[in-house]
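Novice: What follows is a single structure, and I will ask about it in a moment.
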Amino acid sequence: MSREEHILVKQDRPTGWRGWIYLRMVEFSLAMVRMFMFLKVVNPHKIPKRGPLILIANHPSYFDPPTLVGLLIYYAGRDLSFMAWDKLFKVPVVRFFTNVYKAYPVNRENPGRGPYVTLLNILEKGGAAGVFPEGSRSNQALMGDWKPGALRAAFATKATILPVTMATMGDLWPRDALLPYFWRSHKIIFHDPLTYDQYMAGKPPEMLDRQWQEQLAARIRTIINAPLVEKLEAREKLRQLRLTARDIAKSSEKSIEGQRAARIAAAKLRLGVQ
């Protein structure tokens with residue numbers, strides 16, 4: 001794919017045997033996720049079922065794109081397009097699924113405007129697109145700085161923005177782990193969607209869109225990070241409780257040892273033993 005090329009992603013569902021595989025794979029994938037990851041989905045009813053939609057989420061794991069695609073199909077009956085590494089489209093079996101589930105390629109080394117134009121095209125046709133504005137998997141517990149593009153596309157198409165927190169995926173498959181850790185809880189939180197009128201409300205007339213997008217990005221990042229901050233605070237509180245319990249245990253041990261030593265010393269004095 002050349003630097004300026006973009007893809008016209010079809011918004012209609014596959015039919016025939018392709019359509020059968022399409023739905024069965026979604027059902028099978030979600031069943032596997034529930035079996036191996038104890039999936040908990042919070043507020044799936046908040047997913048808008050129609051109209052242009054940009055889903056913005058943190059990105060701690062390889063599992064994030066297929067999980068979100070499956071959840072939107074299952075709960076809202078709509079497809080979700082993600083950017084995918086262009087080399088995946090050259091692998092025969094993988095290419096089938098990336099095309100069927102409406103992914104579109106991006107050259108990571110030299111993306112150009114092609115992926116952005118593709119994103120605009122999806123939204124202009126009333127489709128839904130998923131964006132990880134960090135650009136790649138997170139290196140830290142909280143969502144980091146964003147790359148431009150997602151909010152620019154939302155402004156241009158008046159798309160609704162849906163913040164999503166992958167609350168525990170980083171624990172299931174940390175960036176430095178070769179394989180995921182199965183049989184752990186996996187929590188995904190869908191936050192309140194923001195319509196165009198809602199996220200444009202309060203914008204000063206003299207302010208540039210770019211400046212407002214920066215403020216909006218910080219606002220959405222705070223929404224996505226809130227459950228992650230709560231989780232980190234809970235972990236820190238638990239760590240402090242464990243340290244306190246350990247210190248108490250050590251103090252008790254010292255106290256018992258001191259009492260024993262005192263009793264031995266007293267006995268020696270009574271016996272006249274030096």
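Novice: Suppose we filter segment 60-86 for residues that are within 14 Å of residue 48 (Cα to Cα) and assigned to a loop (DSSP other than H, G, I, E, B); how many remain?
Specialist: 4
Novice: Quick check on this structure: which one of 239, 246 is in a helix (DSSP H, G or I), over 30 Å from residue 47 (Cα atoms) and at pLDDT 75 or above? If you could, list the steps in order and put the result at the bottom.
Specialist: Working: 246 fails: at pLDDT 75 or above.
Exactly one residue qualifies, and that residue is 239.
Novice: If a residue must be in contact with a Ser or Thr (Cβ under 9 Å, 6 or more places away or on another chain) and within 19 Å of residue 193 (Cα to Cα), how many such residues does segment 42-66 contain?
Specialist: Matching residues across segment 42-66 total 9.
Novice: I need a count of the residues in segment 59-70 that are touching a helix residue (DSSP H, G or I) at 6+ places or on another chain (Cβ under 7 Å) and touching a residue at least 60 places away in the same chain (Cβ under 8 Å).
Specialist: 5
Novice: So if I check each of 210, 219, which one is closer than 14 Å to residue 56 by Cβ and not in a loop (DSSP other than H, G, I, E, B)?
Specialist: Going through 210, 219 in turn, the sole match is 219.
Novice: Counting just the residues of segment 140-166 that are surrounded by 23 or more Cβ atoms within 10 Å (Cβ to Cβ) and assigned to a loop (DSSP other than H, G, I, E, B), which one comes out modelled with the lowest pLDDT?
Specialist: 143
Novice: Please tell me if residue 212 is of a type in the set (Phe, Trp, Tyr), farther than 27 Å from residue 52 by Cβ and over 18 Å from the mean Cα position of the chain (by Cα). Give the steps one after another, and end with the answer.
Specialist: Values: of a type in the set (Phe, Trp, Tyr): yes; farther than 27 Å from residue 52 by Cβ: no; over 18 Å from the mean Cα position of the chain (by Cα): yes.
It is false that residue 212 is of a type in the set (Phe, Trp, Tyr), farther than 27 Å from residue 52 by Cβ and over 18 Å from the mean Cα position of the chain (by Cα).
Novice: Of (1) buried (at least 16 other Cβ atoms within 10 Å of the Cβ); (2) modelled with pLDDT of 80 or more; (3) among the small types (Gly, Ala, Ser), residue 77 satisfies all except one. Which?
Specialist: (1)
The values are calculated or read from the model by the stated rules, or taken from the named source; none is laboratory data. Worth saying up front: this structure is predicted, and the values here are computed from it rather than measured. Cβ atoms come from the backbone with ideal geometry, glycine included; neighbour counts cover every protein chain shown.
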